[in-house]
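*Asks:* Have a look at this one.
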Amino acid sequence: MPKEFYHMTIAGCERDLPICPISDNLSIAGFVMLGDVELTEACARELLKISPEHDIILTAETKGIPLAYEMARQGCGRYVVARKGMKAYMTNPVSVEVRSITTFKVQTLILSEEDAELLKGKRVLIVDDVISTGESLKALEILLEKCGADYVGKVAVLAEGDAADRDDIAYLEKLPLFFK
């Protein structure tokens, strides 16, 4: 059976996103920036144009990391990653549980004590590749609250489905859901 794709232009870059089934009646267009330097640089540049002033960027592991890095490189110079698992170097971690549309189980997002201290009192921009249900964003907001940091905005490359109707996020393009 031939693979289906959804064609779109994102930050001036044309891409064919594979259509991926999530359930019997729902499919999504799979968007993965990992390894796509041209797209990552272009999206970072465009997102910085619509982002509020910030001191530091926060993203969740894994797919948002290259975007957060590139936005920090082009802008504020610093980013933090909320990890999906406990690491040996983490002492007194701050954590929160989350379930997203592309994850089939509950996950934990964790910040080390050092990262939590770095975020404390800072203006933090939350960055993600795709916003769908918003559960990952909500988890990152809770982590920031636990750290004593304030988020000044939430940005993503794509807003999927109903997320495009939210007024608390900024994004570059809308990504449709595909129902059978």
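*Asks:* In whole Hz, with x marking every Gly and Pro, tabulate ³J(HN,Hα) for the range 160-172 from phi via Karplus 6.51 cos²θ - 1.76 cosθ + 1.60, θ = phi - 60°.
*Replies:* The phi angles translate into 9, x, 5, 4, 5, 8, 6, 9, 9, 10, 10, 8, 8 Hz.
*Asks:* Is the range 25-81 rounded, prolate or oblate when judged by the Cα gyration tensor, a ≥ b ≥ c being the square roots of its eigenvalues, rounded requiring a/c under 1.5 and prolate requiring a/b larger than b/c?
*Replies:* It comes out prolate by the Cα gyration axes.
*Asks:* Report, in deg cm²/dmol and to the nearest 500, the calculated mean residue ellipticity at 222 nm for the chain, where each DSSP H run with n ≥ 4 adds -39500 (n - 2.57) and the sum is divided by the residue count.
*Replies:* -7000 deg cm²/dmol
*Asks:* Could I ask something else about it? Can you list the lysines whose alpha carbon sits under 29 Å from that of residue 146, skipping same-chain ones fewer than 8 residues off?
*Replies:* Cross-link targets: 49, 63, 84, 87, 105, 120, 122, 138, 154.
*Asks:* Any idea what angle helix 65-74 forms with the longest principal axis of the chain, computed on alpha-carbon atoms, 0 to 90 degrees, nearest 10?
*Replies:* 70 degrees
*Asks:* Tell me, what ³J(HN,Hα) does each residue in the range 84-97 have, in order and in whole Hz, if you take phi through Karplus 6.51 cos²θ - 1.76 cosθ + 1.60 with θ = phi - 60° and put x for Gly and Pro?
*Replies:* Using θ = phi - 60°, the values come out as 8, x, 5, 10, 4, 6, 7, 10, 6, x, 10, 9, 8, 8 Hz.
*Asks:* List the residues, sorted by chain then number, that are 5 or more residues from residue 79 or on another chain and whose placed amide H is less than 5 Å from its amide H.
*Replies:* The answer is 57.
*Asks:* Output the Cα-based Rg and Dmax of the range 116-172 in Å, rounding Rg to one decimal and Dmax to a whole number.
*Replies:* For the range 116-172, the Cα radius of gyration and maximum Cα-Cα distance read 11.6, 35 Å.
*Asks:* Give me the one-decimal Kirkwood hydrodynamic radius in Å for the chain, with the sum taken over alpha-carbon pairs.
*Replies:* Radius from the Kirkwood sum: 16.7 Å.
*Asks:* Also: Arrange the residues 145, 61 by how much accessible surface each exposes, largest first, with a 1.4 angstrom probe.
*Replies:* 145, 61
*Asks:* Per residue, how many Å² of accessible area does the chain show with a 1.4 Å probe?
*Replies:* For the chain, the solvent-accessible area averages 51 Å² per residue.
*Asks:* Considering the chain as a Gaussian network with a 10 Å cut-off on Cα pairs, which listed residue, 14, 41, 53, attains the greatest mean-square fluctuation?
*Replies:* Ranking 14, 41, 53 by mean-square fluctuation puts 14 first.
*Asks:* Here's another thing I want to ask about it. Order 106, 37 by their accessible area, 1.4 angstrom probe, all chains in place, largest first.
*Replies:* Sorted descending by solvent-accessible area, the residues read 37, 106.
*Asks:* Moving on. Quick one: Karplus J couplings for the range 125-130, per residue in order, coefficients 6.51, -1.76, 1.60, θ = phi - 60°, nearest Hz, x for Gly and Pro?
*Replies:* Coupling constants for the range 125-130: 9, 8, 10, 9, 6, 9 Hz.
*Asks:* Still on this structure, please answer the following. Out of residues 5 or more away from residue 149 or on other chains, whose amide H comes under 5 Å of its own, with H placed 1.01 Å from N in the peptide plane?
*Replies:* When sequence neighbours closer than 5 places are left aside, the close amide H contacts are 121.
*Asks:* Please report how far the C-alpha centroid of the range 1-22 lies from that of the range 48-74, rounded to the nearest whole angstrom.
*Replies:* Value for the Cα centre distance between the two parts: 24 Å.
The values are calculated or read from the model by the stated rules, or taken from the named source; none is laboratory data. Quantities reported herein were computed from a predicted structural model and do not represent experimental measurements. For the accessible areas, the whole protein counts, side chains as well, though only heavy atoms, and no ligand, DNA or RNA atoms are used. Shrake-Rupley method; radii C 1.70, N 1.55, O 1.52, S 1.80 Å.
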